[in-house]
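So the structure is just underneath, and the comments pick up after that.
The values are calculated or read from the model by the stated rules, or taken from the named source; none is laboratory data. As the structure is a computational prediction, the values presented were derived from the model and not from experiment. Cβ: placed from backbone, ideal geometry, glycine included. Neighbour counts: every protein chain shown. The area values use the complete protein model at the heavy-atom level, side chains included, leaving out ligands, DNA and RNA. Shrake-Rupley method; radii C 1.70, N 1.55, O 1.52, S 1.80 Å.
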Amino acid sequence: MICFQCPVHILCAASLSQTINQVAASRQKHTLPDLTYDYGALEPYINAEIMQLHHSKHHATYVNNLNVAEEKYKEALAKGDVTTQVALQPALRFNGGGHINHTIFWTNLSPNGGGEPQGELMEAIKKDFGSFEKMKEKLSAASVAVQGSGWCWLGYEKDSGRLRIAACANQDPLQGTTGLIPLLGIDVWEHAYYLQYKNVRPDYVKAIWNVINWENVSERLQTAKK
């Protein structure tokens, strides 16, 4: 039987507690990623005002709220407060997903984007969808069909080695909720397009293909296959 009153065990417990506190203290807070292009660089397809609000306000809010939720979760974990840990799950899922999704989204876009993918990505698209145009039609239709707010994704299924299209509600992250590795995401929350396209989501979805960064999508596919 272990005696926790013994000096050795007291020392071990103190050391373990100190280690946990050090790890918690060293946790880096999430930060808003910088864009590699100006807010107006995607015009006329996505205007500068939308990009500025979407990045500096909406994404920043997800980052801030995620940091707050993680701090509360850390405190609840230290106290062994399971009830609070469970209660914080929706905030972690929503804000964590918002941060993950938008961080991918900004890199999926480029002022030098558009056109068609090349190489391995194009071959995978042809294999799994028949042609680039068929994939584009299916992803566009799925994006327009998302009810309420959410995202539509081109993802990679590692087990089968195939590309898949999937929609996620709200800010649910693709990989965390479906297992698919995200390659290309289309944000269909109204804040992503309403100021420019009003409630005509199909026009926004049609326009966004002109700024898709296929180099980034290709790099994501190569990483997913490793």
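Taking the criterion of being open to solvent by 70 Å² or more (accessible area, probe 1.4 Å) and either modelled with pLDDT under 95 or under 19 Å from residue 170 (Cβ atoms) (or both), the only residue of segment 66-76 that qualifies is 68. The set of residues in segment 184-203 that are open to solvent by less than 30 Å² (accessible area, probe 1.4 Å) and either of a type in the set (A, V, I, L, M, F, W, C) or without any contact (Cβ under 8 Å) to a residue 60 or more places away in the chain (or both) comprises 184, 186, 188, 192, 201. Within segment 137-162, being in contact with a strand residue (DSSP E or B) (Cβ under 6 Å, 6 or more places away or on another chain) and in a strand (DSSP E or B) holds for 150, 151, 152, 153, 154, 155, 156, 157.
Here's the yes/no breakdown for (1) aliphatic (A, V, I, L, M); (2) open to solvent by less than 50 Å² (accessible area, probe 1.4 Å); (3) touching an Asp or Glu at 6+ places or on another chain (Cβ under 9 Å):
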position: 56; (1), (2), (3): no, yes, no
position: 94; (1), (2), (3): no, no, yes
position: 101; (1), (2), (3): no, yes, yes
position: 110; (1), (2), (3): no, yes, yes
position: 115; (1), (2), (3): no, no, no
position: 138; (1), (2), (3): no, no, no
position: 141; (1), (2), (3): yes, no, no
position: 148; (1), (2), (3): no, no, no
position: 169; (1), (2), (3): yes, no, no
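Please specify each residue of segment 147-163 satisfying the condition of being over 15 Å from residue 129 (Cα atoms) and of a type in the set (Gly, Ala, Ser). Within segment 147-163, 148, 149, 150 qualify. Name the pairs whose Cβ atoms lie under 7 Å apart, with the first residue in segment 116-129 and within 16 Å of residue 153 (Cα to Cα) and touching a residue at least 24 places away in the same chain (Cβ under 8 Å), the second surrounded by 12 or more Cβ atoms within 10 Å (Cβ to Cβ) and charged (D, E, K, R), and 6 or more positions between them or separate chains? From residues that are within 16 Å of residue 153 (Cα to Cα) and touching a residue at least 24 places away in the same chain (Cβ under 8 Å), the pairs are 128/162; 129/138.
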